[in-house]
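Everything on this sheet refers to the single structure shown next.
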Amino acid sequence: MELNEVKGRFLVGTARETVEEFVTHRNVLAVPEETPGDLMEKAGVFVTLNTHLEEELRGCIGHPYPDSPLVQALIDSAVSACSKDPRFPPVGKEELRKIVIEVTVLTPPEVINVSKPVEYSQHVVVGKHGLIVRKGWYQGLLLPQVPGEYGWDAEEFLSQTCRKAGLPLSAWLDRDTQVSRFEGIIFGEETPRGNIARKD
């Protein structure tokens, strides 16, 4: 899926409208009639809310897999990010002017096949790949932008994704753990309700 600046602004604008409508009126936005046709293709997507000045996470939820039309998954993720992230209380009306919204569209996850688990780190490029770790009933995902924010190398990124899954940090070294990678196209607001741009 090709996402240019126009489509990126549309996605972030729709996420912003969804959050404002739900927080203010408890209504779930319908898929906009003017949605470009290719944005109705199935794709994974995450919506991230951050406080603008403090740059602190305020909510982040999404669809890891391409299980729904992109804009429908975006709306669902935006509602969940502002109201159902178990790490935070629901976003209040007074916060809407302080939050910046970021949308990450995911490529389909690709299972990394290695002969020995220790080789996983050789197949993970920090800043390019996001990760999904699965073991039994446990699953964790971290977006491509996360390791850069914390200065992690590939092995620490793998460990922290295991932690996100509720597993020991070393679980990626277990042969029954599955590791997948994906890439993300990121667009976000530079200021609350402000200019929207693609992020590297």
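The values are calculated or read from the model by the stated rules, or taken from the named source; none is laboratory data. Just so you know, these numbers come straight off a predicted model, no measurement behind them. Here the Cβ is made from the backbone with ideal geometry for all residues, glycine too, and neighbour counts use every protein chain on show.
Take the conditions assigned by TED's automatic domain parsing to the domain that holds PRO90 and surrounded by fewer than 21 Cβ atoms within 10 Å (Cβ to Cβ) and apply them to ALA30. Does it pass?
yes
Tell me, which residue of region 63-83 that is in contact with a helix residue (DSSP H, G or I) (Cβ under 6 Å, 6 or more places away or on another chain) and free of Cβ contacts under 8 Å to residues at least 60 places away in the same chain is nearest to LEU106 (Cα to Cα)?
Per the stated criteria, the residue is HIS63.
Scanning region 72-103 for residues that are of a type in the set (A, V, I, L, M), touching a strand residue (DSSP E or B) at 6+ places or on another chain (Cβ under 7 Å) and part of a helix (DSSP H, G or I), which turns out surrounded by the fewest Cβ atoms within 10 Å (Cβ to Cβ)?
ALA73
Please work out if ARG87 is charged (D, E, K, R) and within 18 Å of the chain's Cα centre (by Cα).
Taking the combined requirement at face value, the residue satisfies it.
Please tell me if TYR120 is within 21 Å of TYR65 (Cβ to Cβ), of a type in the set (Phe, Trp, Tyr) and either touching a Cys at 6+ places or on another chain (Cβ under 7 Å) or buried (at least 19 other Cβ atoms within 10 Å of the Cβ) (or both).
Spelling it out, TYR120 is indeed within 21 Å of TYR65 (Cβ to Cβ), of a type in the set (Phe, Trp, Tyr) and either touching a Cys at 6+ places or on another chain (Cβ under 7 Å) or buried (at least 19 other Cβ atoms within 10 Å of the Cβ) (or both).
Of the residues that make up region 134-150, is at least one touching a helix residue (DSSP H, G or I) at 6+ places or on another chain (Cβ under 9 Å), loosely packed, with under 14 Cβ neighbours inside 10 Å and in a loop (DSSP other than H, G, I, E, B)?
No, region 134-150 has no match at all.
Name the residue that is farthest from the chain's Cα centre (by Cα), counting only residues in region 31-56 that are farther than 18 Å from ILE196 by Cβ and without any contact (Cβ under 8 Å) to a residue 12 or more places away in the chain.
My answer is GLU33.
Of (1) part of a loop (DSSP other than H, G, I, E, B); (2) in contact with a Pro (Cβ under 6 Å, 6 or more places away or on another chain); (3) of a type outside the set (S, T, N, Q), GLY130 satisfies all except one. Which?
Of (1) part of a loop (DSSP other than H, G, I, E, B); (2) in contact with a Pro (Cβ under 6 Å, 6 or more places away or on another chain); (3) of a type outside the set (S, T, N, Q), only one is false for GLY130: (1).
If we keep just the residues of region 103-150 that are at pLDDT 95 or above and among the small types (Gly, Ala, Ser), which is nearest to LEU11 (Cα to Cα)?
GLY130
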